[in-house]
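Asker: Here it is, the structure in full.
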Amino acid sequence: MSSAPYAPPPFDGSVPPPPPGPGVHPPFPAPPVEGKGRRIGLGFGIGGGVLLLVCGGGAAALFGVFSAADDALNEQATVVVSRYVDAVQKRDFDKAYRQLCQDTKDDVSQSEYTAELSASEPIQSYQIGDFNALTWNVPVRVTYTDGDVGDLRARIQQNTSTGAFEVCELGE
């Protein structure tokens, strides 16, 4: 090894060319796009179809839940009103009074209630309509023993401790 310090090579006045850049220059200005639009369209189509299935399935399930709940409420209200009107039709006023909601029992004593219903026209037959969840009423068409027909409404409410429906009033 030599003990002489490092010296750069002699300068001849020419500049070396710049080193080549990263990567290889393509032989054409833009890469080919063959099939790229079709793949994107297919991807969006499949994604949209899956989204439609999920949202449609959710909407159908929601409709089913609300429909089942409406049917259950209607059935429960019909049973409660039928029991009440049966008791009134059979002139069993004690049983009818026991089926009333607490608000009505607080307002009307059993003796007042019995006196009022005893003076009313007896019911020969009745038909119960569908429960209206907005007004909490159930339409009842009654035929009295004298042949007259009346369209009544049974106003119901839900007992807060038991959750059961109770009739509060049967009137026009």
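The values are calculated or read from the model by the stated rules, or taken from the named source; none is laboratory data. It should be emphasised that the depicted structure is a prediction, and the values quoted were computed from it without experimental measurement. Cβ: placed from backbone, ideal geometry, glycine included. Neighbour counts: every protein chain shown.
Asker: Would you check if there is a residue in segment 119-130 being in contact (Cβ under 8 Å) with a residue 40 or more places away in the chain, farther than 20 Å from Asn159 by Cβ and among the aromatic types (Phe, Trp, Tyr)?
Answerer: The answer is yes, given that some residue of segment 119-130 is in contact (Cβ under 8 Å) with a residue 40 or more places away in the chain, farther than 20 Å from Asn159 by Cβ and among the aromatic types (Phe, Trp, Tyr).
Asker: Scanning segment 141-172 for residues that are in contact with a Pro (Cβ under 7 Å, 6 or more places away or on another chain) and hydroxyl-bearing (Ser, Thr, Tyr), which turns out surrounded by the fewest Cβ atoms within 10 Å (Cβ to Cβ)?
Answerer: Thr145
Asker: Which condition number in (1) in contact with a strand residue (DSSP E or B) (Cβ under 6 Å, 6 or more places away or on another chain); (2) surrounded by 15 or more Cβ atoms within 10 Å (Cβ to Cβ) is the one that Glu121 fails?
Answerer: It is condition (2) that Glu121 fails.
Asker: Find the residue count for segment 84-101, including only residues that are of a type outside the set (Asp, Glu) and in a helix (DSSP H, G or I).
Answerer: So the answer is 10.
Asker: In the list Glu75, Glu121, which residue meets the criterion of being assigned to a loop (DSSP other than H, G, I, E, B), among the charged types (D, E, K, R) and in contact with a Phe, Trp or Tyr (Cβ under 9 Å, 6 or more places away or on another chain)?
Answerer: Result: Glu121 is the single residue among Glu75, Glu121 that is assigned to a loop (DSSP other than H, G, I, E, B), among the charged types (D, E, K, R) and in contact with a Phe, Trp or Tyr (Cβ under 9 Å, 6 or more places away or on another chain).
Asker: Going by what's in this entry, would Phe63 be described as modelled with pLDDT under 95, more than 22 Å from Pro139 (Cβ to Cβ) and surrounded by 16 or more Cβ atoms within 10 Å (Cβ to Cβ)?
Answerer: no
Asker: Further question on the same structure: Which residue is farthest from the chain's Cα centre (by Cα), if the candidates are limited to segment 129-140 and must be assigned to a strand (DSSP E or B) and buried (at least 18 other Cβ atoms within 10 Å of the Cβ)?
Answerer: It comes out as Val140.
Asker: From the list Thr104, Thr143, exactly one residue is touching a Phe, Trp or Tyr at 6+ places or on another chain (Cβ under 9 Å), in a helix (DSSP H, G or I) and in contact (Cβ under 8 Å) with a residue 12 or more places away in the chain. Which is it?
Answerer: Only one candidate qualifies: Thr104.
Asker: Which of the residues that make up segment 58-78 are free of Cβ contacts under 8 Å to residues at least 12 places away in the same chain and β-branched (Val, Ile, Thr)?
Answerer: Residue satisfying the conditions is Val65 alone.
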